[in-house]
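Below is one structure; the comments refer to it alone.
All of the numbers you see were taken from the coordinates with simple rules; none came from a lab. No experiment lies behind these values; they were computed from the predicted model shown. Here the Cβ is made from the backbone with ideal geometry for all residues, glycine too, and neighbour counts use every protein chain on show.
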Amino acid sequence: MEITLTQGDITRQRVDAIVNAANSSLLGGGGVDGAIHRAGGPEILAACRALRAGHYGKGLPTGQAVATTAGRLPARWVIHTVGPVHPRPEDGAPELARRTELLASCYRESLRIAAELGARSVALPAVSTGVYGWPMESAARTALGEVLELERKGSLGEALDEARFVLFGADAYGVFEQVLQELSHGP
Ligand code: AR6
């Protein structure tokens, strides 16, 4: 599997699955979530409502992921995941560690589901770095660290060819590029 980075709008990516930085209600919001529902049309929201009426009556827990149709998007599936809100300094180090693990879990679960569905290419946003306030560099370390680790352990089998991080803006792209370089080849 290749880990690639691109700058742009995730709704324009021609991939098998697009990951959405959703919230636990699964009923839409701003940021990537709003863009995905706008571009994908009402079919995605209808599928999310069906999930809420069924297995996810209490909402999708943080760190987990679930797939729906991609509606009109140029992809087959949207995989909704719920990132953690970045903790406040006064929440302390153990809470930061707990939420960092939840952020890693978003990527692990999203890619596990993508592989299970038979997706070969997946586009991923920088989960939690918008409304949920996670600093970009820390988010990049967790996101890229987790995906590199999954690849190294062979956890995703042969299923996926490409995990494409889609960064919104040059700053986010630059941070991911530097962290990827560092994690794959050393500083
Ligand atoms: N394509 C790629 N990345 C994008 C796009 C796009 N079209 N639009 C924004 N980003 P956010 P969160 C970037 O706030 O922090 C929603 O209301 C953005 O610049 O979308 O996980 C949900 O419903 C940022 O770097 O997600 C939840 O309530 C990153 O995507 C809440 O926000 C994530 O920002 C989730 O917050």
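If eta is 1.567 mPa s and T is 4 °C, what Stokes-Einstein diffusion coefficient results for segment 49-113, Kirkwood Rh from Cα pairs, in µm²/s?
Roughly 98 µm²/s, to the nearest whole number.
For segment 104-152, taking Cα atoms only, what is the radius of gyration to one decimal and the Dmax to the nearest whole Å?
11.3, 32
So if we plug the beta-carbon distance of residue 46 and residue 159 into 1/(1 + (r/R0)^6) with R0 = 30 Å, what FRET efficiency do we get, rounded to 0.05?
Result of the calculation: an efficiency of 0.60.
Let me check I have the definition right: for segment 89-187, take the eigenvalues of the Cα gyration tensor, multiply each by 5, take square roots. What are those semi-axes in whole Å, largest first?
Gyration-tensor ellipsoid for segment 89-187: 22, 16, 14 Å.
Once the mean 1/r over all distinct Cα pairs of segment 1-138 is inverted, what Kirkwood radius in angstroms do you read off?
With all distinct Cα pairs of segment 1-138 included, I get 15.1 Å.
May I ask you to evaluate 6.51 cos²θ - 1.76 cosθ + 1.60, the Karplus curve with θ = phi - 60°, for each residue of segment 171-177 and list the ³J(HN,Hα) values in order in whole Hz, giving x for glycine and proline?
5, 4, 4, x, 5, 4, 4
For segment 139-187, with only Lys/Arg (+1) and Asp/Glu (-1) charged at the beta-carbon, what is the dipole magnitude about the Cα centre, in debye rounded to 20?
It works out to roughly 120 debye.
Calculate how many DSSP beta bridges within segment 53-187 are antiparallel, expressed in % of all such bridges and rounded to the nearest 5.
Taking every DSSP beta bridge with both residues in segment 53-187, the antiparallel ones total about 55 percent.
So, R0 is 25 Å and r is the distance between the beta-carbons of residue 38 and residue 131; what FRET efficiency does that work out to, to 0.05?
After rounding, the FRET efficiency stands at 0.95.
Can you tell which of 139, 123, 178 lies farthest toward the positive end of the dipole of the chain, using +1 and -1 charges on the Cβ of basic and acidic side chains (Lys, Arg; Asp, Glu)?
The one lying farthest along the dipole's positive direction is 123.
Would you mind checking which residues have amide H under 5 Å from residue 123's amide H? H placed 1.01 Å from N; only 5 or more apart, or other chain.
Distant-sequence amide H within range of residue 123: 17, 18, 19, 164.
Using a 7 Å offset from the Cα along the Cα-to-Cβ direction at both residue 148 and residue 12, what is the distance between the two label points in nm, to one decimal?
Rounded to a tenth, the inter-label distance reads 2.9 nm.
Which residue, 150, 26, 124, tops the fluctuation ranking in a GNM of the chain built on C-alpha contacts under 10 Å?
150
If you take the C-alpha gyration tensor of segment 28-86, multiply each eigenvalue by 5 and take the square root, what semi-axes do you get, largest first, in whole Å?
18, 14, 10
So what is the calculated 222 nm ellipticity per residue for the chain, using -39500 (n - 2.57) for each DSSP H run with n of 4 or more, over all residues, to the nearest 500 deg cm²/dmol?
Mean residue ellipticity at 222 nm (helix-derived): -14500 deg cm²/dmol.
Amide H neighbours of residue 7 under 5 Å, counting only residues 5+ apart in sequence or on other chains, H built in-plane at 1.01 Å?
167
For 62, 81, 11, which order do you get if you count the other beta carbons within 10 Å of each Cβ and list the fewest first?
In order of increasing Cβ crowding within 10 Å: 62, 11, 81.
Between 105, 138, 121, find the one with the highest GNM mean-square fluctuation for the chain; connect C-alpha pairs within less than 10 Å.
Sorting by GNM fluctuation, first place goes to 138.
So how strong a dipole does segment 12-80 carry about its Cα centre when Lys and Arg Cβ are +1 and Asp and Glu Cβ are -1, to the nearest 20 debye?
With Lys and Arg at +1 and Asp and Glu at -1, about 100 debye.
For segment 1-51 and segment 120-154, write down the distance between their C-alpha centroids in whole Å.
Here the two parts' Cα centres lie 16 Å apart.
Return the FRET efficiency for the residue pair residue 177, residue 53: r is the Cβ-Cβ distance, R0 is 45 Å, and the value is rounded to the nearest 0.05.
0.60
Mind checking which of 148, 102, 25 is farthest towards the positive end of the chain's charge dipole, using Cβ charges of +1 (Lys, Arg) and -1 (Asp, Glu) about the Cα centre?
Result: 25, furthest along the dipole toward the positive end.
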